[in-house]
Amino acid sequence: MRLFDAHCHIDMLNNIEIESIRSSDGIFITNGTSINSNIVNLNIADYKHIFPAAGIDPQNAALDNPILEDFLKVIDKLKDRIVAIGEIGIDLFIRNIANRSRQEYVFREFLKKAEELRKPVIIHSRSAIDLVIDIISSYNLDKIVFHYFEGSVDNIKLMRFIENSESFVSVPPLDSKKRREVILKLGIDKLLTESDAPAVAPSPFEVSKSIRLIAETLNIKVDDASEAVYRNGFSVYKIEDYINTK
Ligand SMILES: [Zn+2]
């Protein structure tokens, strides 16, 4: 089974884990969360198995804000080595509500950059999916990956947005009735898999559980699910443009 991890944090793993990823046959998109984590990710990327996305997550958005401008200039310079802008977004889960306006400011700056550079965006939207949809609707984005998707099929506006745009839902290795309903409603062409390791799953290899969840829900073979998701990931992140560029 070939794995495609649309969202993980390889900068937070140890060297043994990184080596096992480099000697696998999977593809892993390592996401930046802070300025420092982006630097580490760019160094870890081998452009065979590990490809970097650059961004600042909502939790760090307020802290990193003073040097945001400089960081956006660095992204311009490194645009040929960054497969996507991420992770970025809004998190209104209890303690982050206070930072809402700064989160939104940083999010919009990255959306502008993604629009300008024609890069896909990897979006974090905890407790904020409707606000995120309102914001991203005003940008002309290449492709949108909803990481750790929390939406429900009952949210008609959200489902319509995903179905009518170049949006993809990234399925974490966690089973729930709500998640199965989304998988069934959207179908394989709209799906990616992610571990969000080490935050959600301890290891990126746990995307195999997301693949099994998709296969079971759609009643297709595990190998067919993994091939389809791999192809989706390869095309969303335009991997062929970056492979072996190091
Ligand atoms: Zn993450």
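Against the condition surrounded by 21 or more Cβ atoms within 10 Å (Cβ to Cβ) and either of a type in the set (K, R) or out of contact with any strand residue (DSSP E or B) (no Cβ under 8 Å at 6 or more places or on another chain) (or both), how does K157 come out, does it pass? It is false that K157 is surrounded by 21 or more Cβ atoms within 10 Å (Cβ to Cβ) and either of a type in the set (K, R) or out of contact with any strand residue (DSSP E or B) (no Cβ under 8 Å at 6 or more places or on another chain) (or both). Restricting attention to the range 147-193, the residues that are among the polar types (S, T, N, Q) and either within 13 Å of the chain's Cα centre (by Cα) or under 18 Å from D224 (Cβ atoms) (or both) total 3. Residues that are surrounded by 19 or more Cβ atoms within 10 Å (Cβ to Cβ) and β-branched (V, I, T) within the range 86-143 comprise I88, I90, V106, V121, I122, I123, I129, V132, I133, I136, listed in sequence order. Residues considered: I56, I29, I67. Of these, the only one that is assigned to a helix (DSSP H, G or I) and either out of contact with any Pro (no Cβ under 6 Å at 6 or more places or on another chain) or within 16 Å of the ligand (Cβ to nearest atom) (or both) is I67.
All of N43, N38 fail the test of being modelled with pLDDT of 95 or more, in a helix (DSSP H, G or I) and within 16 Å of the ligand (Cβ to nearest atom), apart from N38. Quick one: in the range 189-227, of everything that is within 16 Å of the ligand (Cβ to nearest atom) and among the aliphatic types (A, V, I, L, M), which residue is surrounded by the most Cβ atoms within 10 Å (Cβ to Cβ)? Looking at the filtered set, the residue picked out is V207. State yes or no: is A6 touching a Lys or Arg at 6+ places or on another chain (Cβ under 6 Å) and either under 16 Å from F234 (Cα atoms) or within 12 Å of the ligand (Cβ to nearest atom) (or both)? The answer is no for A6.
When we screen I133, I90, I122 for residues that are in contact with a Gly (Cβ under 7 Å, 6 or more places away or on another chain), within 29 Å of R179 (Cβ to Cβ) and either among the aliphatic types (A, V, I, L, M) or touching a residue at least 12 places away in the same chain (Cβ under 8 Å) (or both), the only hit is I122.
The values are calculated or read from the model by the stated rules, or taken from the named source; none is laboratory data. Remember, predicted model here, so these are calculated numbers, not experimental data. Every residue, glycine among them, receives a Cβ derived from its backbone with ideal geometry; neighbour counts consider all protein chains shown.
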